[in-house]
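Let me begin by presenting the structure, written as structure tokens, before commenting on it.
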Amino acid sequence: MKTLVVFYSRSETTKRVAQEVARAFNADIDEVIDKKPRKGILGFLIAGYDATRGKTTEIEFEKDPSSYDLVVIGTPVWNGRVTPAIRTYLLQNREKIRNAAFFCTCAGRPGKCLEQMEGILGKRPVLRKVLMKKRLKEGIKEFVEGLKTLSGS
Ligand SMILES: Cc1cc2nc3c(=O)[nH]c(=O)nc-3n(C[C@H](O)[C@H](O)[C@H](O)COP(=O)(O)O)c2cc1C
């Protein structure tokens, strides 16, 4: 099964998960870049505000999701919500994504992040998982095992 792992990450946690998932499936990986500055205290505050308001943003990415059987999409949780970068990615690519799996990373309060992702894509993902920062290793293992069970490998 040709798999693409897509992620946005502000401070590398989601990136780490994405890299490990991609490695486990020998998958391609694509980082979504948010063109809006998100660093520092101001970046943090605006990030939370933008996520809460359901804002989109200007993004860059490289790979075409329509050439993959499965697209795994990962985002950090911001104020219990999906990030503007992944919201925008889903909106721009929903016609091109045949099968999706979602994960989010968070400090412990995922809110409605994964439900939002499903609503924006407009179809049910084959798998979705919340990964808590405190037990990231176990979370990655469970997510990879879940995907392997689904793909029969
Ligand atoms: C603006 C902002 C809002 C956040 N809101 C939440 C939240 O609502 N719940 C939570 O558990 N963690 C929250 N976090 C923590 C991140 O979800 C968590 O640290 C995540 O793993 C960061 O991923 P990254 O390193 O890939 O950017 C927030 C972080 C930021 C920057």
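The values are calculated or read from the model by the stated rules, or taken from the named source; none is laboratory data. Everything numeric in this text was worked out from a predicted model, so none of it was measured. A quick note on method: Cβ atoms are made from the backbone with ideal geometry, for glycine too, and the neighbour counts reach across all protein chains shown. Accessible surface areas use protein heavy atoms only, side chains included; no ligands, DNA or RNA. Shrake-Rupley method; radii C 1.70, N 1.55, O 1.52, S 1.80 Å.
Checking the condition assigned to a helix (DSSP H, G or I), within 16 Å of the ligand (Cβ to nearest atom), modelled with pLDDT of 95 or more and surrounded by 13 or more Cβ atoms within 10 Å (Cβ to Cβ), which residue from PHE103, PHE143 passes?
Residue meeting the stated conditions: PHE143.
Can you tell me which residue in the range 66-97 is farthest from LEU150 (Cα to Cα), limited to those that are part of a loop (DSSP other than H, G, I, E, B) and touching a strand residue (DSSP E or B) at 6+ places or on another chain (Cβ under 8 Å)?
Looking at the filtered set, the residue picked out is THR83.
Determine if the range 37-55 includes at least one residue that is open to solvent by less than 50 Å² (accessible area, probe 1.4 Å) and away from the ligand (no atom under 12 Å from the Cβ).
yes
Step by step: first the residues of the range 128-140, then only those that are hydrophobic (A, V, I, L, M, F, W, C) and surrounded by 17 or more Cβ atoms within 10 Å (Cβ to Cβ), then the one that is nearest to GLN116 (Cα to Cα). Which residue is that?
VAL130
If I ask for residues that are farther than 16 Å from ALA18 by Cα and surrounded by 18 or more Cβ atoms within 10 Å (Cβ to Cβ), which ones from the range 69-81 would you list?
TRP78, ARG81
Tell me yes or no: at least one residue of the range 2-18 is open to solvent by 20 Å² or more (accessible area, probe 1.4 Å) and farther than 16 Å from PRO76 by Cα.
The answer is yes; a qualifying residue exists.
Have a look at VAL6, VAL21, VAL17 and point out the one that is of a type outside the set (Asp, Glu), assigned to a strand (DSSP E or B) and either near the ligand (Cβ under 8 Å from one of its atoms) or touching a residue at least 60 places away in the same chain (Cβ under 8 Å) (or both).
None of the other options fit; the residue is VAL6.
Pick out the one residue from LEU136, LEU131, LEU70 that is within 17 Å of ASP28 (Cβ to Cβ) and touching a residue at least 40 places away in the same chain (Cβ under 8 Å).
LEU70
If ARG87 satisfies every condition in (1) of a type in the set (Lys, Arg); (2) within 11 Å of the ligand (Cβ to nearest atom); (3) surrounded by 18 or more Cβ atoms within 10 Å (Cβ to Cβ) but one, which is the exception?
Condition not satisfied by ARG87: (2).
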